[in-house]
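Undergrad: Below: one structure in structure tokens.
The values are calculated or read from the model by the stated rules, or taken from the named source; none is laboratory data. Predicted model only: the values in this text are computed from it and were never measured. When we count neighbours, we look across all protein chains shown, and the Cβ atoms used for this are built from the backbone with ideal geometry, even at glycine. For accessibility, only protein heavy atoms count, side chains too; no ligands or nucleic acids. Shrake-Rupley method; radii C 1.70, N 1.55, O 1.52, S 1.80 Å.
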Amino acid sequence: MADTTPAARTEQPGGAIHNDVKEYYGKILQKTSDLKSNACVPSAKPIPAYIRKALEDVHPDVTAKYYGCGLVVPECVEGCRLLDLGCGSGRDCYMLSRLVGRSGHITGVDMTEDQLESARKYVEYHMERFGYKKPNVNFVQGFIESLREAGLEEKSYDIVISNCVVNLSPDKASVLREAYHVLKDGGELYFSDVYSNARISESLRANKVLWGECLSGAMWWEDLVRLAEEVGFSTPRLVTASVISIGNEELERLLGEYRFVSATYRLFKLPKCSEKKSCLVMYDGNITGSEEKFEFDAQYTFKVNEVIEVDGDVANTLKNSRFSEEFTFHSQTSGACATKPKVMPVDPFQLTELLGSAGVVPSSGGCCGAQESCCK
Ligand SMILES: C[S@@+](CC[C@H](N)C(=O)[O-])C[C@H]1O[C@@H](n2cnc3c(N)ncnc32)[C@H](O)[C@@H]1O
């Protein structure tokens, strides 16, 4: 696949950008407060109690070196095999080690020795705390642009996550392609990252601090949509987004008119020939942490036992992923009374405008909010 955008390959693994990023995360930064901007902002959404509990169990030394920009906890992870791209000191790996349970597994991959050293130091601590006899977490050194060379097997993961890392890669197309290869059929790439409102200029991309701070390597969100399609993923589903206020006058001056958001997308690896027909679905409420409702993305929240009309893309995703067992599917002609959620944007900048400062989509008038009911 030829990739001709500025987000494309500019060097081989182990080149100058990789070395600069390793230096930044291995030597220059020692803790979260050493960051020079607010690019690593907390998630816009409130953290659910079961995730807060899992986070409380992570060793403070690991948390002190957290440089993420979102919450990368997809639903329905129990017993799953996960891979974390650019795991850093391992905060998300340890939180998810708890959530996948003893029958699940999570591998963290990172290219920076110092980060891996911090992560590996606490494996025993966390396994003891969670009561696991055998570790369900391991850390591998490697480049996220060449996962298979790092020894990670094709079609071996249910979910690939990543938190504020893809922006640091000089070759985003390879990262998505490798993630696609290591995912099982029906698998999901669920990741939070920094996105820009336009392609970033070459001169800003050459600035090591702006790159290291997760700003000038950020993808224009439209490039993500295009790359996802080229690689073979489903159209990205936007989960949440929040505006990044840089919080550093000098960096803001350099960045001029560019704007940034932190956004979480979910991309699925689905069968190519599957039918994409809208249908009616009902969520059964069996996913841990989502017993009353399952917030799939910014558009769809599935309340237990409520019939929802989903578009062809989402119908295809629910039927061909780990979520297939969690729903009852009805045909459009089944006569059920269904709710049809409003279409929401893929553009994270548009979503932040819709969400406003309250962090929720305002109701469209009347008492029915953002969703409308329709009887088929
Ligand atoms: C901003 S930090 C985020 C770390 C972690 N996800 C977290 O939330 O704390 C970026 C991490 O990605 C790693 N990284 C960046 N580019 C990478 C690449 N091309 N291959 C492997 N690791 C990479 C860095 O070494 C660093 O640990």
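The rows are residues; the columns are (1) over 20 Å from Pro348 (Cβ atoms); (2) charged (D, E, K, R); (3) in the same structural domain as Ser33 (by TED's automatic domain parsing).
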| position | (1), (2), (3) |
| --- | --- |
| Ser201 | yes, no, yes |
| Val209 | yes, no, yes |
| Trp221 | no, no, yes |
| Leu224 | no, no, yes |
| Arg237 | no, yes, yes |
| Val243 | no, no, yes |
| Gly247 | no, no, yes |
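Undergrad: Let me ask something else about it. If the Cβ limit is 7 Å and pairs must be 6+ apart or interchain, which residue in region 98-111 that is away from the ligand (no atom under 16 Å from the Cβ) pairs with which residue that is of a type in the set (Ser, Thr, Tyr)?
TA: The qualifying pairs are Arg102/Tyr132.
Undergrad: Return the pair list, or none, for Cβ contacts closer than 9 Å from residues in region 1-22 that are over 16 Å from Ser146 (Cα atoms) to residues that are modelled with pLDDT under 50 and open to solvent by 20 Å² or more (accessible area, probe 1.4 Å), at least 6 apart or on different chains.
TA: Sorted first by the residue in region 1-22, then by its partner, the pairs are Asp3/Arg9.
Undergrad: Tell me yes or no: at least one residue of region 124-135 is touching a residue at least 24 places away in the same chain (Cβ under 8 Å) and touching a Gly at 6+ places or on another chain (Cβ under 7 Å).
TA: no
Undergrad: Out of region 117-159, which residues are among the polar types (S, T, N, Q) and assigned to a helix (DSSP H, G or I)?
TA: Across region 117-159, the qualifying residue is only Ser118.
Undergrad: Please work out which residue is surrounded by the fewest Cβ atoms within 10 Å (Cβ to Cβ), limiting yourself to region 145-159 and to residues that are within 15 Å of the ligand (Cβ to nearest atom) and of a type in the set (Gly, Ala, Ser).
TA: In this case the residue turns out to be Gly151.
Undergrad: As an exercise: evaluate Leu224 against (1) open to solvent by 10 Å² or more (accessible area, probe 1.4 Å); (2) in contact with a helix residue (DSSP H, G or I) (Cβ under 9 Å, 6 or more places away or on another chain) and give the number of the one condition it does not meet.
TA: If we test Leu224 against (1) open to solvent by 10 Å² or more (accessible area, probe 1.4 Å); (2) in contact with a helix residue (DSSP H, G or I) (Cβ under 9 Å, 6 or more places away or on another chain), just (1) comes out false.
Undergrad: Quick check: anything in region 175-185 open to solvent by less than 20 Å² (accessible area, probe 1.4 Å), touching a residue at least 60 places away in the same chain (Cβ under 8 Å) and farther than 25 Å from Glu23 by Cα?
TA: For region 175-185, residues open to solvent by less than 20 Å² (accessible area, probe 1.4 Å), touching a residue at least 60 places away in the same chain (Cβ under 8 Å) and farther than 25 Å from Glu23 by Cα: present.
Undergrad: Pull out all pairs, ordered by first then second residue, where Cβ-Cβ is under 7 Å, the residues are six or more apart or on different chains, the first lies in region 53-69 and is more than 10 Å from the ligand (Cβ to nearest atom), and the second is at pLDDT below 95 and not in a helix (DSSP H, G or I).
TA: Ala64/Lys31
Undergrad: If you don't mind, there's one more thing I want to ask. How about region 162-192: which of its residues are more than 9 Å from the ligand (Cβ to nearest atom), in contact with a strand residue (DSSP E or B) (Cβ under 7 Å, 6 or more places away or on another chain) and closer than 25 Å to Leu255 by Cα?
TA: Matches in region 162-192: Lys172, Phe191.
Undergrad: I need a count of the residues in region 75-97 that are more than 15 Å from the ligand (Cβ to nearest atom) and either without any contact (Cβ under 8 Å) to a residue 40 or more places away in the chain or not β-branched (Val, Ile, Thr) (or both).
TA: Residues that pass the stated criteria total 6.
Undergrad: State the number of residues belonging to region 239-253 that are open to solvent by 70 Å² or more (accessible area, probe 1.4 Å) and either in contact with a Pro (Cβ under 6 Å, 6 or more places away or on another chain) or not in a strand (DSSP E or B) (or both).
TA: 5
Undergrad: Count, please, the residues in region 308-329 that happen to be among the β-branched types (Val, Ile, Thr), open to solvent by less than 20 Å² (accessible area, probe 1.4 Å) and not in a helix (DSSP H, G or I).
TA: The qualifying residues number 2.
Undergrad: Filter region 21-30 down to the residues that are more than 11 Å from the ligand (Cβ to nearest atom) and assigned to a loop (DSSP other than H, G, I, E, B) and list them by number.
TA: Within region 21-30, Gln30 is the sole residue that qualifies.
Undergrad: Give the number of residues within region 119-144 that are open to solvent by less than 20 Å² (accessible area, probe 1.4 Å) and either within 16 Å of the ligand (Cβ to nearest atom) or among the hydroxyl-bearing types (Ser, Thr, Tyr) (or both).
TA: Total satisfying the criteria: 6.
Undergrad: In this structure, does Gly217 turn out to be modelled with pLDDT of 95 or more, in contact with a strand residue (DSSP E or B) (Cβ under 6 Å, 6 or more places away or on another chain) and crowded, with 18+ Cβ neighbours inside 10 Å?
TA: Answer is no for this residue.
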